[in-house]
């Protein structure tokens, strides 16, 4: 039985540059670093995983990703935050870093889209509590994100259910 995604691995031009980006912008922590910069393993804040992201250096001469435009490949990774307040805070950090590229309301989740230093897309999202999904669970919804309106509707500090311990489970 699969219970979730444990980590992702990216081939990047410079693992150290990605380490700095993920630490500075998203608050990740370096767990393992190669002394010559060949790789870095990073853990997301609050994650129980050994690492959530590994970046391996392939060199500055590597071409840009064309996944989805000229070849098959991964479109993006989605990093989940516990509250809409966290999503709003990430919106500010991503914008300040020049990484924010878009935002969408997918009904079941509220999403920010950004690019890392090599132009690899990632998502930072908040999962709407499943008891509020209704018919939207089975729809591919893409509408403009109204983060202020969603904060008024759901509250800035309401945790998504993936961040609320199950009954009888301590956090």
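The values are calculated or read from the model by the stated rules, or taken from the named source; none is laboratory data. Computed from a prediction, not measured in an experiment: that's the story for all the values here. When we count neighbours, we look across all protein chains shown, and the Cβ atoms used for this are built from the backbone with ideal geometry, even at glycine.
The residues on offer are 150, 135, 131, 146, and the sole one that is modelled with pLDDT of 95 or more and either farther than 15 Å from residue 82 by Cβ or assigned by TED's automatic domain parsing to the domain that holds residue 52 (or both) is 146.
Residue by residue, here is whether (1) closer than 30 Å to residue 140 by Cβ; (2) buried (at least 16 other Cβ atoms within 10 Å of the Cβ) holds:
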site	(1), (2)
6	yes, no
9	yes, no
20	no, no
29	no, no
49	yes, no
67	yes, no
84	yes, yes
100	yes, yes
112	yes, yes
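All conditions in (1) surrounded by 15 or more Cβ atoms within 10 Å (Cβ to Cβ); (2) at pLDDT 95 or above; (3) not assigned by TED's automatic domain parsing to the domain that holds residue 143 hold for residue 91, with the sole exception of (3). Taking the residues in the range 133-164 that are without any contact (Cβ under 8 Å) to a residue 12 or more places away in the chain and assigned to a helix (DSSP H, G or I) as candidates, determine which candidate is nearest to the chain's Cα centre (by Cα). That would be 148.
Return yes when residue 157 is outside the structural domain of residue 8 (by TED's automatic domain parsing), farther than 30 Å from residue 16 by Cα, surrounded by fewer than 13 Cβ atoms within 10 Å (Cβ to Cβ) and touching a helix residue (DSSP H, G or I) at 6+ places or on another chain (Cβ under 8 Å) and no when it is not. So residue 157 passes the test. Where strands (runs of 3 or more DSSP E) fall wholly inside the range 7-79, the ranges with 1 or more residues that are over 17 Å from residue 121 (Cα atoms) are 29-33, 39-43, 53-57.
Specify the residue that is nearest to residue 94 (Cα to Cα); the eligible residues are those in the range 123-144 that are buried (at least 17 other Cβ atoms within 10 Å of the Cβ) and in contact with a helix residue (DSSP H, G or I) (Cβ under 9 Å, 6 or more places away or on another chain). Steps first, answer last, please.
Residues of the range 123-144 that are buried (at least 17 other Cβ atoms within 10 Å of the Cβ), as a first pass: 123-128.
Subset that is in contact with a helix residue (DSSP H, G or I) (Cβ under 9 Å, 6 or more places away or on another chain): 124-128.
On the way: 124: 10, 125: 13, 126: 15, 127: 19, 128: 21 Å.
For the range 123-144, the residue satisfying everything is 124.
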